[in-house]
Amino acid sequence: MLLFALGFLLVILQPSTGQFPRVCANVQSLLSKECCPPWDGDGSPCGELSNRGSCQNILLSQAPLGPQFPFSGVDDREDWPSVFYNRTCRCEGNFMGFSCGECKFGFSGLNCTERQVKTRRNIFQLTSSEKNKFLAYLNLAKNIPSQDYVIATGTYTQMNNGSNPMFRDINVYDLFVWMHYYASRDTLLGGSSVWRDIDFAHEAPGFLPWHRVFLLMWERQIQRITGDENFTIPYWDWRDAEDCEVCNDEYMGGRHPTDPNLLSPASIFSSWQVICTQSEEYNSQQALCSATNEGPIRRNPGNNDKSRTPRLPSSADVEFCLSLTQYESGPMDKMANYSFRNTLEGFADPQTAISNPAQSGLHNALHIYMNGSMSQVQGSANDPIFVLHHAFVDSIFERWLRRHRPMLEVYPAANAPIGHNRENYMVPFIPLYRNGEFFKSSRELGYDYEYLQEPALQSFQDFLTPYLQQARQIWAWLVGAAAFGGIVTAVLTGLIRACRKKRGGTSSEIQPLLIESEDYNNITYQSNF
């Protein structure tokens, strides 16, 4: 009870991070298309008086998009967030947030100048107390309303272009479930028509950066509502697992004794209600998910379609995926071949990197294996295993970044599916984040993974790996250059010796006196290297 009260107080006093800021979910803000709330510290919009930021026009990317979405002006998420707002706070320095009242990820302190790197740990390495605290934090988030954010229950058109706001309150945990739904939902085209080949968080280059931001925001939110600034999301290392190791009442909930599709009554998660799982109903009504309860979490791990997902991912699958040098390729969607992103996401075979949407590998394999709420994209975040799973997926992304050290230009600047170009803002986050801003090492964003904090030797090996790979690619050129250099050296050496002989002649008068003539024949020459 004390933890609940403390959390509720903290969520009132501190800003959260999510979707539509409550202070901007009104007629005035929607009609003016401006979301520049005052910072509590000085009362000025975006904390401008304190040089934290200022209200600015949103700069949208003009880079061309891929052909996957052949419409324009039919979806509120196009050119996010310009349908709702075209002026927001642009924060300076290390400040962040919808009012520039927060610090960027990886910074803390009164003026956001203190660097910090926190460690995400394997859930099985947590002490019993730490594990129980994590479970309590999850349950707390499910029961505390978000004080700073609301969700949209209608499209901008249904809101009469802003004159009839349609928003509602939501708890902290479900806020993130709703955001995941909203980013991946189908486009409503009117009548009974929808367009399904659209997703602002999956099946394209932004998959990994989007979920990285999602986890960072979720992590920070837990830190705030609990007052535990040292909290980090644990991860579940599922490599070579024979079954769902976290699916028991000690961790994320065991199987119900009479209904294998439900969670054990002994688990705190058995009382949780899911939201945003009935996509076909929303589509038929041309409506958005309103976050009403839709039943308990469903999970039946291992009783999935084995023809699609025969097993959980192996260490070999992960290592092969990490060996891929291209982040993205071809159409940059789920048909991409030899793409690290598409292979890790699970649309390409983890042994060949050839696209095969009929099979589910790596990331996708876990979702399908859970055989329940986790297996449906839009509502998958309802199951709290989601955060453990995606934390480990993010760690694989981090390993790839450290191994290959790609430049920012490796992330596609143009022709990716809608919302996935480098400079596109991620849907549906406010404050605004661009895809390319999170295509960098996690250490720069303030966190690391316990199992990646390896000895110096391994770090040196990781440092050398990209250079050795480059050397392999130009090996033939290097050998040729060495041979050519050897020939040139031999020729020059011969010419120099010939010149010396010619200049020296045979006169003993101009030879340096190094040794006595009688000792000359007794000398042995040795070459020492």
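Quick look at the numbers
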{"read-out": "Single unsatisfied condition, residue 322 versus (1) in contact with a strand residue (DSSP E or B) (Cβ under 8 Å, 6 or more places away or on another chain); (2) assigned to a helix (DSSP H, G or I); (3) of a type outside the set (Ser, Thr, Tyr)", "value": "(1)"}
{"read-out": "Positions within the stretch 268-281 being of a type in the set (Ser, Thr, Tyr) and under 13 Å from residue 299 (Cα atoms), in sequence order", "value": "270"}
{"read-out": "Among residues of the stretch 197-244, those that are over 15 Å from residue 381 (Cα atoms), among the aliphatic types (A, V, I, L, M) and not in a helix (DSSP H, G or I), counted", "value": "3"}
{"read-out": "Matching entry among 239, 212 (being at pLDDT 95 or above and more than 15 Å from the chain's Cα centre (by Cα))", "value": "239"}
{"read-out": "Where residue 175 falls short, out of the listed (1) open to solvent by less than 30 Å² (accessible area, probe 1.4 Å); (2) out of contact with any Phe, Trp or Tyr (no Cβ under 8 Å at 6 or more places or on another chain)", "value": "(2)"}
{"read-out": "Selected residue [under 19 Å from residue 371 (Cα atoms) and open to solvent by 40 Å² or more (accessible area, probe 1.4 Å)] from 250, 242, 281", "value": "242"}
{"read-out": "Within the stretch 178-211, considering residues that are in contact (Cβ under 8 Å) with a residue 60 or more places away in the chain and among the hydroxyl-bearing types (Ser, Thr, Tyr), the one most open to solvent (accessible area, probe 1.4 Å)", "value": "192"}
{"read-out": "Total residues in the stretch 323-355, condition surrounded by fewer than 19 Cβ atoms within 10 Å (Cβ to Cβ), in contact (Cβ under 8 Å) with a residue 24 or more places away in the chain and within 23 Å of residue 421 (Cα to Cα)", "value": "1"}
{"read-out": "Close pairs from the stretch 42-56: first at pLDDT 95 or above, partner among the hydroxyl-bearing types (Ser, Thr, Tyr), Cβ under 7 Å, at least 6 apart", "value": "42/50; 46/54; 46/99; 47/99; 48/54"}
{"read-out": "Hits in the stretch 355-376 (condition: within 21 Å of residue 239 (Cα to Cα) and hydrophobic (A, V, I, L, M, F, W, C))", "value": "362, 365, 366, 368, 370, 374"}
{"read-out": "Within the stretch 257-278, tally of residues that are open to solvent by less than 30 Å² (accessible area, probe 1.4 Å) and of a type in the set (Val, Ile, Thr)", "value": "2"}
{"read-out": "Any hit, the stretch 144-163, residues being more than 29 Å from residue 245 (Cβ to Cβ), aromatic (Phe, Trp, Tyr) and assigned to a strand (DSSP E or B)", "value": "yes"}
{"read-out": "Checklist (1) open to solvent by 30 Å² or more (accessible area, probe 1.4 Å); (2) touching a residue at least 40 places away in the same chain (Cβ under 8 Å); (3) assigned to a loop (DSSP other than H, G, I, E, B) applied to residue 136, failing item", "value": "(3)"}
{"read-out": "Breaking point among (1) within 30 Å of residue 402 (Cα to Cα); (2) surrounded by fewer than 21 Cβ atoms within 10 Å (Cβ to Cβ); (3) in contact (Cβ under 8 Å) with a residue 12 or more places away in the chain, for residue 317", "value": "(2)"}
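The values are calculated or read from the model by the stated rules, or taken from the named source; none is laboratory data. Keep in mind that what you see is a predicted model, and the values were worked out from it rather than measured. Note that we place each Cβ from the backbone using ideal geometry, even for glycine, and neighbour counts take in every protein chain shown. Protein only, heavy atoms only, side chains kept; ligands, DNA and RNA dropped before computing areas. Shrake-Rupley method; radii C 1.70, N 1.55, O 1.52, S 1.80 Å.
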